[in-house]
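Worksheet: the structure to be examined is printed underneath.
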Amino acid sequence: MALWTDIIDPADLTGYARASLADYEASRGTLARWLPNREVADIAVEFMTGQTGLVDVAAFRAYDAEIEIGKGPSRQKIQIELPALGQNVPVSEYNQLRARGGSPSDEAILATIQKTTDVVVRAVADAIERMRGVVLLTGKATLAGFMDDDFGRAAGHTVTAGASWATASTDALGHLTTWFDTYVAANGEEPGAILASTRIVRLMGALTQFGTQLGNGASRPATADDVRATVAAAGLPPIYTYDRRVSIAGSATRVVADDKLMLLPAPVETDDWMGTELGATFWGRTLTSTEADWGIEDVEQPGLVAGVYRGDKPPMIAEVLSDAIALPVLANADLSFVADVIP
């Protein structure tokens, strides 16, 4: 098959694909709010990791005495190779003919190509989102047979609640406060978000400590807004609900299990990788993006790309493909904390 540019060239289709990716992530909700996107012109990344955001205090000195030489926070340089991924979806001879219909223009086939591009883009987006979930839940980037990179999260940042939050008498606020204090002790800063499933928020509303006492002596379960208000009143960070699912072998699968709760830094914009020390989702430069026939400018090469190929002999099947090199990583793994609240 040869690159097919009669309808749209790869540079323009790549622009469409990246816009499609951004729209899809915005509509579905994404963990890129905590591991924001960063593009790099390479297939490997180097970053500095450390266990604390604190810097030793400056020493007082007498006038005319030399200023003491300080030490920065403990940091370690890490290098990780980024894995490749993508998807290829055919546009059959039949679908090409039906798309054209009786129209002599190429607008209909362009629309078909763009719809197929949406499919291959979403396949990549969901794969990366699932990996963001793996990284945040386990503190590792794991791909069976490919990689098993451990970002070094402290063992005490993966816990199980002493009592299930499905039990009405459980002191969930006490659990959250204890975990909050553990997070602060390790990092020298407070978490900025509680990430939880809708199921967990509903279970919290059913707990006795969140219930609202009525005038007749009875009580009613707390609403989601009541839960958020009570948590905020306890000096804890805001709750963000997250329930995204992806398809794995045809089965809808949660990115984050609905019995897991996380403490994380405050969310940032998905492309504001400087806004958090937790980590980032690195998008590297693919070989396809550097091909002269693809016509993608150097500065635009890192990131997801898309193109169309087509056979030059009957049945002239076309193929729309997405290509990417990407991986979410934790630069400071202890800025994440995971709790199983329904053991």
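The values are calculated or read from the model by the stated rules, or taken from the named source; none is laboratory data. Everything numeric here is computed off the predicted structure, so don't read it as measured data. We place every Cβ from the backbone using ideal geometry, glycine too, and count neighbours over all the protein chains shown.
Those residues that are of a type outside the set (V, I, T) and not in a loop (DSSP other than H, G, I, E, B), I need them from the stretch 294-321; list them, please. First the steps, then the outcome.
Applying the first criterion (of a type outside the set (V, I, T)) to the stretch 294-321 yields 294-295, 297-298, 300-304, 306-307, 309-316, 318-319, 321.
Correct list: W294, D298, E300, P302, A306, G307, Y309, R310, A318, E319, L321.
In this structure, does A257 turn out to be more than 20 Å from R28 (Cα to Cα), of a type outside the set (S, T, Y) and outside the structural domain of V135 (by TED's automatic domain parsing)? Reasoning before the result, please.
Numbers: more than 20 Å from R28 (Cα to Cα): no; of a type outside the set (S, T, Y): yes; outside the structural domain of V135 (by TED's automatic domain parsing): yes.
It is false that A257 is more than 20 Å from R28 (Cα to Cα), of a type outside the set (S, T, Y) and outside the structural domain of V135 (by TED's automatic domain parsing).
If you go through the stretch 141-157 one residue at a time, do you hit one that is assigned to a helix (DSSP H, G or I), hydroxyl-bearing (S, T, Y), under 26 Å from V246 (Cβ atoms) and under 18 Å from the mean Cα position of the chain (by Cα)?
In the first step, residues of the stretch 141-157 are kept if they are assigned to a helix (DSSP H, G or I); the result is 155-157.
Then keep just the ones that are hydroxyl-bearing (S, T, Y); that gives none.
The answer is no, given that none of the residues of the stretch 141-157 is assigned to a helix (DSSP H, G or I), hydroxyl-bearing (S, T, Y), under 26 Å from V246 (Cβ atoms) and under 18 Å from the mean Cα position of the chain (by Cα).
Anything in the stretch 33-42 that is surrounded by 15 or more Cβ atoms within 10 Å (Cβ to Cβ) and under 14 Å from A324 (Cβ atoms)? List them, or say none.
N37, R38, E39, V40
Taking P314, is it in contact (Cβ under 8 Å) with a residue 60 or more places away in the chain and in the same structural domain as N37 (by TED's automatic domain parsing)? So that I can check it myself, show each step before the final result.
Working: in contact (Cβ under 8 Å) with a residue 60 or more places away in the chain: yes; in the same structural domain as N37 (by TED's automatic domain parsing): yes.
Taking the combined requirement at face value, the residue satisfies it.
Test of understanding: among L287, L335, L236, L261, which residue is in contact (Cβ under 8 Å) with a residue 40 or more places away in the chain and farther than 23 Å from F210 by Cα?
On the way: L287 fails: in contact (Cβ under 8 Å) with a residue 40 or more places away in the chain; L236 fails: farther than 23 Å from F210 by Cα; L261 fails: farther than 23 Å from F210 by Cα.
Among L287, L335, L236, L261, only L335 is in contact (Cβ under 8 Å) with a residue 40 or more places away in the chain and farther than 23 Å from F210 by Cα.
Please indicate, with yes or no, whether at least one residue in the stretch 45-64 is acidic (D, E), modelled with pLDDT of 80 or more and surrounded by 14 or more Cβ atoms within 10 Å (Cβ to Cβ). Talk me through it step by step, then tell me what you get.
Step one: filter the stretch 45-64 for residues acidic (D, E), giving 46, 56, 64.
Of the ones still in play, those that are also modelled with pLDDT of 80 or more are 46.
From what is left, the residues that are surrounded by 14 or more Cβ atoms within 10 Å (Cβ to Cβ) are none.
No; the residues of the stretch 45-64 include none that is acidic (D, E), modelled with pLDDT of 80 or more and surrounded by 14 or more Cβ atoms within 10 Å (Cβ to Cβ).
Output the number of residues of the stretch 1-26 satisfying the condition of being of a type in the set (F, W, Y) and within 26 Å of the chain's Cα centre (by Cα). Walk me through it before giving the result.
Within the stretch 1-26, the subset of a type in the set (F, W, Y) is 4, 16, 24.
Of the ones still in play, those that are also within 26 Å of the chain's Cα centre (by Cα) are 16, 24.
Qualifying residue count, the stretch 1-26: 2.
Residue by residue, here is whether (1) assigned to a loop (DSSP other than H, G, I, E, B); (2) exposed (fewer than 15 other Cβ atoms within 10 Å of the Cβ); (3) out of contact with any Cys (no Cβ under 8 Å at 6 or more places or on another chain) holds:
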| residue | (1), (2), (3) |
| --- | --- |
| V246 | no, no, yes |
| E269 | yes, yes, yes |
| T281 | no, no, yes |
| S289 | no, no, yes |
| D323 | no, no, yes |
| P328 | no, no, yes |
| I342 | yes, no, yes |
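For the stretch 250-267, enumerate the residues that are β-branched (V, I, T), within 22 Å of G86 (Cβ to Cβ) and assigned to a loop (DSSP other than H, G, I, E, B). First the steps, then the outcome.
Quick first cut of the stretch 250-267, residues β-branched (V, I, T) only: 253, 255-256.
Adding the requirement that they be within 22 Å of G86 (Cβ to Cβ) leaves 253, 255.
Hit for the stretch 250-267 is V255, nothing else.
Condition check ((1) buried (at least 18 other Cβ atoms within 10 Å of the Cβ); (2) in contact with a Lys or Arg (Cβ under 6 Å, 6 or more places away or on another chain); (3) of a type outside the set (A, V, I, L, M)) across all residues:
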| residue | (1), (2), (3) |
| --- | --- |
| G145 | no, no, yes |
| A154 | no, no, no |
| H175 | yes, no, yes |
| W179 | yes, no, yes |
| V184 | no, no, no |
| I194 | yes, no, no |
| I200 | yes, no, no |
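Given (1) touching a helix residue (DSSP H, G or I) at 6+ places or on another chain (Cβ under 7 Å); (2) not in a loop (DSSP other than H, G, I, E, B), where does S169 come up short, assuming only one miss?
(2)
In this structure, is A257 surrounded by fewer than 24 Cβ atoms within 10 Å (Cβ to Cβ), modelled with pLDDT of 95 or more, among the hydrophobic types (A, V, I, L, M, F, W, C) and within 15 Å of the chain's Cα centre (by Cα)?
On the way: surrounded by fewer than 24 Cβ atoms within 10 Å (Cβ to Cβ): yes; modelled with pLDDT of 95 or more: yes; among the hydrophobic types (A, V, I, L, M, F, W, C): yes; within 15 Å of the chain's Cα centre (by Cα): yes.
When the stated conditions are applied, A257 passes them.
Just give me the residues in the stretch 164-185 being closer than 18 Å to V201 by Cβ and hydrophobic (A, V, I, L, M, F, W, C), in sequence order. Give the steps one after another, and end with the answer.
At the first step, the residues of the stretch 164-185 found to be closer than 18 Å to V201 by Cβ are 164-168, 170-177, 179-180.
Selection gives W165, A166, A168, A172, L173, L176, W179, F180.
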